[in-house]
Every structure is written in C-alpha cells, then in structure tokens.
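Contents: one structure, followed by commentary.
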Amino acid sequence: MSAAAAWPTASLIGAPTDVGASHRGSSMGPEALRVAGLHSALTGCGLQVLDCGNVSGPPNPGLPALGGYRNLEEVAAWNREVHDAVHKELRAGRLPILLGGDHSLSIGSVSAVARHCREAHRPLRVIWLDAHADFNTRELSPSGSLHGMPVACLCGFGPRELVQIGGVTPAIRPQWSREVGIRRVDPGERRFVHEQQLTVFDMRYVDEMGVRRAMELALEDLHPDTHVHVSFDVDFLDPEIAPGVGTTVAGGMSYREAQLCMEMIADTGLMGSLDITELNPALDVRNKTAALAVDLVESLFGKSTLMRQPASATSAVRLRDGSGAARGRLGLV
Ligand SMILES: [Mn+2]
C-alpha cells in the first residue's frame, strides 16, 4: 500500500491578503500557487482535493503602526475568517492547506488546529519553517508588522484580538513548536525566544549538524496520535532559488536541504494541516518560487525521487542489474 492512500481529502483555503506584512504583494499568493498547479500536484500524490476558494476580509489600509501594531483590526478580521474555515475543514475530517497571504494568517490557522486537537484530545506539534523566529511582540518589534509576531501570539503574547481567536489562550505552548531554518532574529526577540525556551534549529545548527539531525530532533517524540502542523514560510528557502518573497534573507535552505525537510516530515505520516505563506508574486520571476513551493508540497505528501519501500526503508535502493546499459535505471529491491 502506498503512503498516499492514507491521506484524507485536502482542502485548499486561500487568504489573499498582505495586511500583516511590511511589503505588499503576498495577497496574490493563493492564485500564484493555483496557477503553479498545486491542485493537480496533490492529485498526482494520490489525494482528493477540494478547493474551498478564498476567504475574504478588509483591504489593506497601508497605514503606519498604531499602538505598536500595523493594521491590527484588519489582521484580526482576516484571521477570524481563516480560523473558521480551517476549523470547519478539520471537523469534516479533511486536511486544510492555507494558501497565504502573509504569515500573520497562521495565527488563525494554528489556533484552529490547536482547538481541533483539544477537542479530539490529540497532542500537537507545530513545525515552523522560516527565516525568522516570528516571536516578536509590540514592545520588541521594530516595525509593528504582525507577520513577525504569529508564534508569540499563538503562545499568548499579543493583542487580545489575536491571542483569543481559538477560544483558549494561549492556543499553544512554546514546547509544542519547533522552528527550523531561522537566520534573522531581532535583538529583543532573541532574548524572548530564550526566555520562553522556544526550540529553534537555526541555520548555524543546520550548517554544523545538517538538516537530517535538525529534522530528527524537530520530529522527535511524536506520539502515533500527534497532529503535525507545518507552517511553511517561503522565506525559509534561499533567495537564490526563491526570489518571490518580501523578506528575503541570504543563507537559507538549498533545494536539496528543503526537499529533505519535507521528505522527513512526510515519513512521519502525521501531517494533518499545512500553511504556505509569504509567497509574493510581485517579486517573483516567472512564477518560479510558486512552482518550487508546489514541488516541495509534493514532497510533504510523500513524493520522493527514489521511492523507498515502506517496509524496508533502511535497505539501500540497488540497481536492478549490473550491466552498463541499465545503469541509471533504479529499481525497487
Ligand atoms: Mn514567517
């Protein structure tokens, strides 16, 4: 039996807004992901796919920060919509995929996932793939942009409108999350990350220990009943391969490193929800970042280059025969 047969129906939920971002353009992310073939890529992985269309919310007023937050009222309105849409799909037994939109929308999405896990008495693990820790608060943030604050809000540090969205505050505990790929953290935010004992596998860790070790630890101690939520900020990737992002930071994940992250998450078989955020088509080159995101999502759902037999994952894939003519044709042993 292929692993794909176990997946529930996936629900695509677009949230076309950039109200939480410092740059405009991620509002076009949902359509770019659809144009890049997300639906058929998922179908190709063996999933049934339901495109729920887009949720809607207020336009981006583009005003400067007020009381430490930019566009708080608008961010809260969008997040309530995202929360309700994601929670509805989870209750229906489907696997929601949020198409952002800026990363503040994960407040709504993860709040819904956490609420669903509470209702189902299941443990939750949040895998946060990002260049930034997203653990800012009004006091610590230099910009007031809420897309730099979602993890803090989810852990209960933020405005009432955002920390209460899922009904219980805090929505998650810092120890339920694992951040991977981090390479830009504001000074005050850094102190707060340590204070709250957030587990972060930054790029220094990845350089020294490799993606494999980082992901082994990020995915350690999962219970067979754990719901794994993946929050994928496209700026996790190196800007050389993923230019279509507003907040690029050099030194990100290479193509192969990112693929390995996704494949290791797929190997758990426990992913129950996903966010794809911060894709900015206005900065992209011929939609290549969207196409790359779709490629990586395929890996999250179990597509791999050298298919391994699930029962013999530790055995090496060998050439079917040793003749020169057949070299390059890899067969399953
Ligand atoms: Mn982010």
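The values are calculated or read from the model by the stated rules, or taken from the named source; none is laboratory data. Nothing here was measured: the structure is a model prediction, and the numbers come from that model. Cβ atoms come from the backbone with ideal geometry, glycine included; neighbour counts cover every protein chain shown.
Could you list all residues from region 85-136 that are hydrophobic (A, V, I, L, M, F, W, C) and more than 16 Å from the ligand (Cβ to nearest atom)? Show your work before the answer.
If we filter region 85-136 for residues that are hydrophobic (A, V, I, L, M, F, W, C), which is where we start, we get 85-86, 90, 92, 95, 97-99, 105, 107, 110, 112-114, 117, 120, 124, 126-129, 131, 133, 135.
Selection gives Ala85, Val86, Leu90, Ala92, Leu95, Ile97, Ala112, Val113, Ala114, Cys117, Ala120, Leu124.
So how many residues does region 214-255 have that are in contact with a Cys (Cβ under 8 Å, 6 or more places away or on another chain) and within 15 Å of the ligand (Cβ to nearest atom)?
Here the count works out to 1.
Only one of (1) in contact with a helix residue (DSSP H, G or I) (Cβ under 7 Å, 6 or more places away or on another chain); (2) in a loop (DSSP other than H, G, I, E, B); (3) within 16 Å of the ligand (Cβ to nearest atom) is not met by Ala258, so which one is it?
Unmet for Ala258, out of (1) in contact with a helix residue (DSSP H, G or I) (Cβ under 7 Å, 6 or more places away or on another chain); (2) in a loop (DSSP other than H, G, I, E, B); (3) within 16 Å of the ligand (Cβ to nearest atom): (2).
Would you confirm whether or not region 95-109 contains a residue that is modelled with pLDDT of 95 or more, over 19 Å from the mean Cα position of the chain (by Cα) and of a type in the set (A, V, I, L, M, F, W, C)?
Here is the first cut: in region 95-109, the ones modelled with pLDDT of 95 or more are 95-109.
Within this subset, residues satisfying the condition of being over 19 Å from the mean Cα position of the chain (by Cα) are none.
Among the residues of region 95-109, not one is modelled with pLDDT of 95 or more, over 19 Å from the mean Cα position of the chain (by Cα) and of a type in the set (A, V, I, L, M, F, W, C), which makes the answer no.
Does Thr277 satisfy being crowded, with 20+ Cβ neighbours inside 10 Å and within 14 Å of the ligand (Cβ to nearest atom)?
Working: crowded, with 20+ Cβ neighbours inside 10 Å: yes; within 14 Å of the ligand (Cβ to nearest atom): yes.
Here the answer is yes, as Thr277 does meet what is asked.
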